[in-house]
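No lab work stands behind these numbers, since they all come straight from the coordinates. Since this is a predicted model, take the numbers as computed values, not measurements. Cβ coordinates were reconstructed from backbone atoms using ideal geometry, including for glycine residues, and neighbour counts include every protein chain displayed.
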2 protein chains.
Amino acid sequence: MKTILNPKKTEWSAILRRPTQSVSEIEELVIEIFNEVKMEGDETLKKYTKQFDGVKIIDLKVAQAEFDEAETLVSSELKNAIQTAASNIKKFHEAQKTSKIEIETTPGVICWQEKRPIEKVGLYIPGGTAPLFSTILMLAIPAKLAGCTEIVLCTPPDKTGKINPAILYTAKLCGVSQVYKVGGIQAIGAMTFGTESISKVYKIFGPGNQYVTVAKQIATKFGVAIDMPAGPSELLVVADESANPAFVASDLLSQAEHGADSQVILVSTSKSLLEEVELELQNQITNLPREIIARKALGNSKLIFVENDKIAIELINEYGPEHFIVCCKDEEYYIRNVVNAGSVFLGKFTPESAGDYASGTNHTLPTNGYAKQFSGVNLDSFMKSITFQRISETGILNIGNAIEVLAEAEGLMAHKKAVTLRLQSLKGNNK
Amino acid sequence: MKTILNPKKTEWSAILRRPTQSVSEIEELVIEIFNEVKMEGDETLKKYTKQFDGVKIIDLKVAQAEFDEAETLVSSELKNAIQTAASNIKKFHEAQKTSKIEIETTPGVICWQEKRPIEKVGLYIPGGTAPLFSTILMLAIPAKLAGCTEIVLCTPPDKTGKINPAILYTAKLCGVSQVYKVGGIQAIGAMTFGTESISKVYKIFGPGNQYVTVAKQIATKFGVAIDMPAGPSELLVVADESANPAFVASDLLSQAEHGADSQVILVSTSKSLLEEVELELQNQITNLPREIIARKALGNSKLIFVENDKIAIELINEYGPEHFIVCCKDEEYYIRNVVNAGSVFLGKFTPESAGDYASGTNHTLPTNGYAKQFSGVNLDSFMKSITFQRISETGILNIGNAIEVLAEAEGLMAHKKAVTLRLQSLKGNNK
């Protein structure tokens, strides 16, 4: 990792730059596959599953027998762990339920806001080397709590046409019965346009490789919403001399093993801590199964020394980390002053992996600086708010004239007339 | 307007289709102007303001003297009306403030969610025939309440290089001091990339013509968020024989005058009401200043007879209207069962124009069916939620093993090790 001492503010944006990728070639491929999915439906999904995943699928939908089999294949130790995580995630997201907000803004003018579920949602769960069943917990649990009526889950099959049993077990545990064996661009296309087997949805959630990411972006042109724009995962740790260097290094590595394009940053007011962490990184990295990936990720990464907490938090807010760990004496200072971050981990015994799996917070978070304007996935991600208003005779007498004046000033006379007619009818009644 | 009796469910999607537009030509223009803004900054803004708005601008930023002058040009009647509206909008959006949500998911594992403002936001206010100062109220009031620290407002100047006084008066009333004389694609580009005069923002809000709409869409490729995808404005009224046909017609017309591409739909369980409303429409439309526009909009519009409330609400939820007026005996039925709508207006004395201006609800709402997955602008549109977690020694002892099992099952051994190290250190302490 590169160590940077006391960088000038003018250098911050260069230092904090994320690794970027070009997507224009992928865009063409996405548009081609989307057009095919739109025209040919399921046939296209099967064709590309053969081409990209190397397997011929007869039935896209996972059958009940496959769920039953999965149940027998998952160890009870793993089942218990999944249930522990599910229970915490459920508690935290249930606590996010909001009630109706109602107010009488003027006598006779009652306005309220209520949330309603997004009826149809699609969850994308990547396949590949690691079966990300934890992401099902993070998406399906709030979707169910929100009251979404149709939940579609797409995930690519392995070379034998199967889905990892932990994925099927978790889907079933969360009450998701519509699981389809399709991944990549074609899966996003299926949920965007609908096919014979797969319902068109209103919003698509979930992580994926760059093909899936670009496909989700392009899906938004066709009337679908997405959870958030995606980018490589990242972690920023701020730590002072009170931190445990071995713990800090283990957190940096747990982020680094995600992918070669992951980024980890350590900001510290202690030069000796930076040195100790660097030593720990060398020690801990050597025995990791994903050592090669982690080493590549550390190549994108920085150890940054700054003079004090004030400069540190300013730099952190400019970066807007997806995951933000605070191991400092003055933890409260960072809690008060952090503005841009996805999820914050406080203290020695709060590793990032706790939030990735089981503490209860969501792990689908804004990366790539999007913490400046996006929330991580939460209960509200599966709902939308609707406003209501009911105006009584008194109410329209109270605000009617203001509306008339405003509408006329904007040159919208039919808007004015809709009020005038009502006011006249009331004057008529008052004779 | 076209009257349709008892349409079959299979015909609904064709009947409810919105007028659409092709945007690919506009996209090229947007990308060209964006590139220029990025390279040349303010110069490009001035160049296109000359070209599209027909005026040469020296200072893009509105000066204090111009605000002062505007103050003298707005009538006190209009000022009072703006203040009435502002007061109601403030009350309703202030009521939307949420407090920290905190829960202990497992003993020793505390998770909470807090909202923080989006620091830099941009508001776009269209110029053109009607000065939409009401939209400033709808955007700047919640931005201020949310605590956004930098609020940039762009609006095109008129042929003499001035901004309508009502716009400047309203901006100042809402505490917005950074107002820039620039509109169209170039304004969206300026807020996306930043120029010498105008700050780059994190999220852009506000309505606009199709050029602005496409520019906002493309801006999202460059790391900016937008309030929501836009489309022509629309209104759906459901009314039965208890409704007042003149009032219903006046609401349909107030929507129709917005633009030739506006869409209005009346759904009714009463054939005689449909006939009475159609007569009223003919009477009321003839004296409107925007009659030509309104007539064109009525060309896209439908009167639909259905057998009962149940069919009506199903059709309405399939459409997902931006504005939804309910004038029916069983109002509660519609409140309970509406899932997809932007803003709902209940009863005889609640015209759409109340919500457009002064009841307190926001008028920036999802159109084009986006009510299925988007909220209208509300206080949360200017904030994002951050999650926090603090795990004690007891906490990690409680959930540590579950995290280890889950991380190992996903093949992420560094994630596991970050927990193992901590558990080992605690066992060491317990000797």
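For the protein assembly as shown, dividing the convex hull volume of the Cα atoms by the residue count gives 160 Å³ per residue. Each of A:Gly41, A:Met413, A:Leu139 was scored by the projection of its Cα onto the charge dipole of chain A, and the greatest displacement toward the positive side belongs to A:Met413; charges sit on the C-beta of Lys, Arg, Asp and Glu. Could you pull the copy-to-copy label distances for B:Asn287, with points set 7 Å along Cα to Cβ, in nm to one decimal and sorted shortest first? Taking the point 7 Å beyond Cα along Cα→Cβ, the inter-copy spacings are 8.9 nm. Note on A:Asn209/B:Ser272: beta-carbon distance plugged into 1/(1 + (r/R0)^6) with R0 of 60 Å gives a FRET efficiency of 0.50. Rounded to the nearest 20 debye, the dipole magnitude of the protein assembly as shown is 260 debye, with +1 charges on Lys and Arg beta carbons, -1 on Asp and Glu beta carbons, and the Cα centre as origin. Among the listed pairs A:Lys46/A:Lys97; A:Lys90/A:Lys296; B:Lys90/B:Lys348; A:Lys8/B:Lys200; A:Lys417/B:Lys271; A:Lys38/B:Lys120, a Cα-Cα separation exceeding 31 Å is found for A:Lys46/A:Lys97; A:Lys90/A:Lys296; A:Lys38/B:Lys120.
Restricting to chain B, compute how many DSSP beta bridges are antiparallel as a %, nearest 5. Given both bridge residues lie in chain B, the antiparallel proportion sits at roughly 30 percent.
Taken as Cα centroids, the stretch A:335-382 and the stretch B:269-294 sit 53 Å apart, rounded to the nearest whole angstrom.
The Cα-based radius of gyration and maximum Cα-Cα distance (Dmax) for the stretch B:128-261 are 17.2, 60 Å. Helix B:76-94 axis versus longest C-alpha principal axis of chain B: approximately 40°, rounded to the nearest ten.
Full extension of the segment from A:Ile58 to A:Glu71, taken as 0.36 nm per residue of separation minus the current Cα-Cα distance, would add 2.4 nm. Mean separation of Cα pairs under 8 Å and 6 or more residues apart, divided by the residue count, gives chain B a relative contact order of 20 percent. If one takes the longest principal axis of the Cα atoms in chain A, at what angle in degrees, from 0 to 90 and to the nearest 10, does the Cα axis of helix A:309-319 lie? Tilt relative to chain A: about 70 degrees. What the Cα convex hull of the stretch A:2-97 gives, in volume per residue, is 322 Å³.
The charge dipole of chain B, taken about its Cα centre with unit charges on the Cβ of Lys, Arg, Asp and Glu (plus for the first two, minus for the last two), comes to roughly 1280 debye. Under the classification rounded if a/c is under 1.5, otherwise prolate if a/b is larger than b/c and oblate if not, where does the stretch A:244-325 fall, given a ≥ b ≥ c as square roots of the Cα gyration tensor eigenvalues? Taking the square roots of the gyration eigenvalues as a ≥ b ≥ c, the stretch A:244-325 is oblate. Between the Cα long axis of helix B:393-409 and the first principal axis of chain B there is an angle of about 80°, rounded to the nearest 10. Answer with one residue from B:Ile101, B:Ile285, A:Thr286: the one whose Cα lies farthest towards the positive end of the charge dipole of the protein assembly as shown, charges on Cβ with Lys, Arg +1 and Asp, Glu -1. Going by the Cα projections, it comes out as B:Ile101. Each Cα pair under 8 Å and six or more residues apart adds its separation to the average, and for the stretch A:193-238 the resulting relative contact order is 35 percent. Between B:His93, B:His363, B:His258, the residue with the greatest mean-square fluctuation in the GNM of chain B (Cα pairs under 10 Å linked by springs) is B:His258. The slack between B:Glu196 and B:Asn80, meaning 0.36 nm per residue of separation minus the straight C-alpha distance, is 38.1 nm. Just so you know, the averaged projected area of the alpha carbon convex hull for the stretch A:370-431 sits at 7.4 nm². Once you have a ≥ b ≥ c as the square roots of the Cα gyration tensor eigenvalues for the stretch A:298-431, tell me rounded if a/c is under 1.5, and otherwise prolate or oblate according to whether a/b is larger than b/c. The shape class here is prolate. Cβ-Cβ distance of B:Gln424 and A:Glu314, R₀ of 30 Å, FRET efficiency by 1/(1 + (r/R0)^6): the value works out to about 0.25. Loop-located trypsin sites (Lys or Arg not before Pro) across the stretch B:73-151 with a Cβ neighbour count of 10 or fewer within 10 Å are B:Lys100, with loop assigned by DSSP. Sort chain B into rounded, prolate or oblate with this rule: let a ≥ b ≥ c be the square roots of the eigenvalues of the Cα gyration tensor; rounded if a/c is under 1.5, and if a/c is not under 1.5, prolate when a/b is larger than b/c, oblate otherwise. Since a/c reaches 1.5 but b/c is at least a/b, the shape of chain B is classed as oblate. Across the stretch A:208-328, the mean sequence separation of Cα contacts (distance under 8 Å, 6 or more residues apart), normalised by length, yields a relative contact order of 33 percent. Between copies, the label points at A:Lys50 (set 7 angstrom from Cα along Cα-to-Cβ) are spaced 6.1 nm, reported in nanometres from shortest to longest. Around the Cα centre of the stretch B:95-173, unit charges on the Cβ atoms of Lys, Arg, Asp and Glu (plus for the first two, minus for the last two) sum to a dipole of about 320 debye. Placing a label point 7 Å from the Cα of B:Lys2 along the Cα-to-Cβ direction, the distances to the matching points in the other copies come to 6.1 nm, shortest first. Which net charge results for the neighbourhood of B:Ala246, defined as the other residues with beta-carbon distances under 13 angstrom from its beta-carbon, given Lys and Arg at +1 and Asp and Glu at -1? That sum, taken over residues with Cβ under 13 Å, equals -1. Run the simple label-point estimate for B:Lys8 and B:Asn337 please: 7 Å along Cα→C-beta, distance reported in nm. Going by the 7 Å Cα→Cβ label model, 2.3 nm.
The mean of 1/r over all pairs of different alpha-carbon atoms in the stretch B:171-232, once inverted, gives a Kirkwood hydrodynamic radius of 12.1 Å.
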